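Asks: Got a structure here, written out as structure tokens. Questions coming.
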Amino acid sequence: MDCRITNHYMEDYLDDMLDDATRGRFQEHVERCPDCRNRLARGRELKNALNALPEPILDPDFAARAFKHAAAAHTWRRRIDTSKMMRIAASILVIVALGIVLKGGWGPGQLESPKAFVQLNQPEDVQLVFYSEENLENVTFRLEPPDGIELVGFENQREIVWQGNLARGDNLLVLPVIARNREGGSLVAEIRHGSRNKQFRLQLKVQQADHPHPGADRFDSSVAPMRFI
Amino acid sequence: MKDFNQDQVETHFEKLLRPQLTWLYRISYRFTGNKADAEDLVQDLLVKLYPRRDELDSVANLRPWLVRVLYRLFLDNERRQKRSPLRLLKRRPKDDAEDPLEQFPASDPDPEQYTGGRILSERIEQALNMLCRDHRAIITLHDMEGYRLSELETLLEVPLGTLKSRLHRGRATLRKILEKDGTF
């Protein structure tokens, strides 16, 4: 077994899903390969760290509220949840408020071109991470998908423009996209604030659903970091 | 159950599910990444189950059954959100007013008391919240709650190959994020 095959079996080994023979060959290779040994150690480290996450604490009064509400909702056939409605209202503001931008280093021509892989005819989320050094209001956002790529919910729209605010720090923009042909192309995201603007180009590569990109590279397809500090 | 009066029905329902609440909240919290959405998800679950009290009574092993309903509810909620205009822009937790870490007991402000373990946990929480819902869900149920993939195949009615693919890709993404910020 070589490094490539060992890497292929790494997750199955961690999950104890290999048959005896394959596990034996895997272990033999790992014992004599420092790189694979290191990858295995990091895999274990992640699993251990996930298991060691602290327990989220449930509000002591939640149970009483929740059971009472469940019974009431059944009786009244409707849900009254003021706090939730307020959160929904707040989330609308947040949805508008987030976006892309940064305080310094703006200007036309500044392009960032990370790459993302999407599968043909399958809705996929492409996530862009942007960093802003300050809260910004009245920011204009513009998205322009390439031919053959559509934003789910905005099919046949070649340009989507909206205004909103930006929060200080990292902002996550989730784009549900679907590739209609294999060509791919550049998705343009532009942010304007006052006289400043910045353009980003995300290279979208399309692959067949039955030929997924190797797992190790999938990071690019789900999270495309565009950090500007 | 139909012979119970309303108070008895409520009491019986609560008696069945109250012992599961902390566990349901933990999974919901991992699914959604924040306290408010986790509470809403558990609340939605209780509302959904209340009319199905008779069915609950007949379930021999409650937890797997609850996981299945919770997971479907989580997906339904996510799909509803997806239908809203440009499901864009969700601030990453470290800048969010609803920072999930605010739920954990505060540590000593002295930096020396701010242990490596806690920092690691915070970063992993943040990285988890950057995963897509499918990856977050499978990592929660498999890596954190200990369900085997073969169990989840039945519970979630998702093919084993798809589950494995999501799990491997989710972990790979997590590692990339954590390597990028220097955690790993």
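Asks: For B:ALA36 and A:ALA41, FRET efficiency with R0 = 51 Å and r from the beta-carbon atoms, rounded to 0.05?
Replies: For R0 = 51 Å, the calculated efficiency reads 0.85.
Asks: State which entries of A:LYS205/B:LYS164; A:LYS115/B:LYS180; B:LYS15/B:LYS35; A:LYS198/B:LYS176; A:LYS47/A:LYS205; A:LYS115/A:LYS198 exceed 21 angstrom in Cα-Cα distance in the structure shown.
Replies: Numbers: A:LYS205/B:LYS164 23 Å; A:LYS115/B:LYS180 16 Å; B:LYS15/B:LYS35 24 Å; A:LYS198/B:LYS176 26 Å; A:LYS47/A:LYS205 31 Å; A:LYS115/A:LYS198 18 Å.
Cα-Cα > 21 Å for A:LYS205/B:LYS164; B:LYS15/B:LYS35; A:LYS198/B:LYS176; A:LYS47/A:LYS205; rest within.
Asks: Please compute the modelled spin-label separation between A:ARG23 and B:SER150, points set 7 Å along Cα→Cβ, answer in nm with one decimal.
Replies: 1.3 nm
Asks: Going by the alpha-carbon gyration tensor, a ≥ b ≥ c the square roots of its eigenvalues, is the range A:3-51 rounded (a/c under 1.5) or, if a/c is not under 1.5, prolate (a/b greater than b/c) versus oblate?
Replies: On the way: a/c = 2.18, a/b = 1.29, b/c = 1.68.
The shape class here is oblate.
Asks: Please rank A:LYS47, B:LYS35, B:LYS180, fewest neighbouring Cβ atoms within 10 Å first, as an exposure proxy. Please report the intermediate quantities before stating the final value.
Replies: Details: A:LYS47 17, B:LYS35 21, B:LYS180 14.
The fewest-first ordering by Cβ neighbours comes to B:LYS180, A:LYS47, B:LYS35.
Each reported figure results from applying straightforward, stated rules to the coordinates on display, with no laboratory input. No experiment lies behind these values; they were computed from the predicted model shown. Methodologically, a virtual Cβ is constructed for each residue, glycine included, from the backbone with ideal geometry; neighbour enumeration extends over all protein chains shown.
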